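For reference, the structure discussed in these notes is given below.
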Amino acid sequence: MVDIELLMDQLGRVGVTVLLKVDHKRMQTGRKPWTMVMSGPGLGERELIRTDASTLQNCLKYCLRELRTCPGEWEWLELYS
């Protein structure tokens, strides 16, 4: 399992703001309850990375994959794959 606190700390240190949310109403209705949003100077020209997913793992997978397409040294993200 991913150490979320460590990941968030490292993302913050490289200029990425992260919002992670689970929505109980969407969970109760069977819709994608997890939302992850990334923004900040660490994304370069890209203003935002966002996804809604059925699991936290799927949110992380999508957002970290998208983050790797931004300028910068993202090899360390492999620790969270």
List every residue pair whose Cβ atoms sit under 9 Å apart, with the two residues 6 or more apart in sequence or on different chains, where the first one lies in region 12-27 and is farther than 15 Å from L77 by Cα and the second, anywhere, is of a type in the set (S, T, Y). T17/S39; L19/T35; L19/S39; L20/T35; K21/T35; V22/T35; D23/T35; R26/T35
Flag for Y80 being within 24 Å of M1 (Cα to Cα), surrounded by 15 or more Cβ atoms within 10 Å (Cβ to Cβ), at pLDDT below 95 and of a type outside the set (D, E, K, R): yes
Yes or no: T69 among the polar types (S, T, N, Q), in a strand (DSSP E or B) and at pLDDT 95 or above? no
Any idea how many residues of region 26-43 are outside any strand (DSSP E or B), farther than 17 Å from Q10 by Cβ and not basic (K, R)? 5
Of all residues in region 38-65, which are of a type in the set (A, V, I, L, M, F, W, C) and surrounded by 13 or more Cβ atoms within 10 Å (Cβ to Cβ)? M38, L43, I49, A53, L56, C59, L60, C63, L64
Based on what the data block shows, is W76 touching a strand residue (DSSP E or B) at 6+ places or on another chain (Cβ under 6 Å), aromatic (F, W, Y) and in contact (Cβ under 8 Å) with a residue 12 or more places away in the chain? no
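The values are calculated or read from the model by the stated rules, or taken from the named source; none is laboratory data. Here the structure is a predicted model, which is why all the values come from computation and not from measurement. FYI the Cβ positions are ideal-geometry reconstructions off the backbone, even for glycines, and counts take in every protein chain you see.
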